[in-house]
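The values are calculated or read from the model by the stated rules, or taken from the named source; none is laboratory data. Remember, it's a predicted structure, so these values are computed and weren't measured experimentally. Note that we place each Cβ from the backbone using ideal geometry, even for glycine, and neighbour counts take in every protein chain shown.
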Amino acid sequence: MDTARAEHAITLHMAEYERLKAEQVSRIGFRDNLLYAQLTSVAALAAVTASSGRLYLLLALPVTGVVLGWTHLCADHMVTMIGRYIREDLAPRLIAAADLDSADTSAVFGWEHDHHRDTRRRSRKWFQLAVNLLAFCLAPLTGLALVWIAGRLSPLLIAASLVELLIVGLLAAQMTLYAELPQLRKGGARS
């Protein structure tokens, strides 16, 4: 590859990187705000329920939990996919265009590789999953339990609450699957 063509390819790859990082930062902010939105909705529904004495209003908790939780999960997945794309696709193309030694892909966009080697990454990923399940799944399940304990539910409310139980369970399963929890590798190294 001639020098001018290599420089053009490097410029294009760097522009793509900058756009991807901007998209990633935007999605991280959006994702993190969804957690605050969920906490706000739980507090608001609890306050309205307590002041009105209508416990069945807590049946709105699973709806907000699933809508906000699923949106949080999708945003988080895109953040992860952008990082993976940068590490596994863009970095090797940039290395090839710059005619660098391709044995060490962390030589380009080092942070994209380095934060995966953090010794506390495994515990942080597990804790983040616990926080997500607590906010988006446990709060709605607690609301359902309180409604069931109070009794006096119509068959329609019972059916609705069982459907909500199912969708909250599906959200919890999807959050666990998408968490990409690091496992111990041979020799005790962490991914």
When segment 1-35 is checked residue by residue, the ones that are surrounded by 15 or more Cβ atoms within 10 Å (Cβ to Cβ), closer than 30 Å to Thr64 by Cβ and either in contact with a Lys or Arg (Cβ under 7 Å, 6 or more places away or on another chain) or among the aliphatic types (A, V, I, L, M) (or both) are Ile28, Leu34, Leu35
Log entry, pairs with first residue in segment 153-178 being charged (D, E, K, R), second being part of a helix (DSSP H, G or I), beta carbons closer than 6 Å, six or more apart or on different chains, reads Glu164/Pro62
Picking from Ile86, Ile149, the residue that is in contact (Cβ under 8 Å) with a residue 40 or more places away in the chain and assigned to a helix (DSSP H, G or I) would be Ile86
Pairs returned, first residue in segment 12-35 that is part of a helix (DSSP H, G or I), second residue that is of a type in the set (Gly, Ala, Ser) and at pLDDT 95 or above, beta-carbon separation under 6 angstrom, 6 or more apart or interchain, are Arg27/Ala75; Phe30/Ala75; Arg31/Ala75; Leu35/Ala135
Within segment 89-127, of all residues that are assigned to a loop (DSSP other than H, G, I, E, B) and more than 26 Å from the chain's Cα centre (by Cα), the one farthest from Ala15 (Cα to Cα) is Ala103
Screening Ala96, Ala91 for residues that are free of Cβ contacts under 8 Å to residues at least 60 places away in the same chain, buried (at least 19 other Cβ atoms within 10 Å of the Cβ) and under 21 Å from Glu18 (Cα atoms) leaves only Ala91
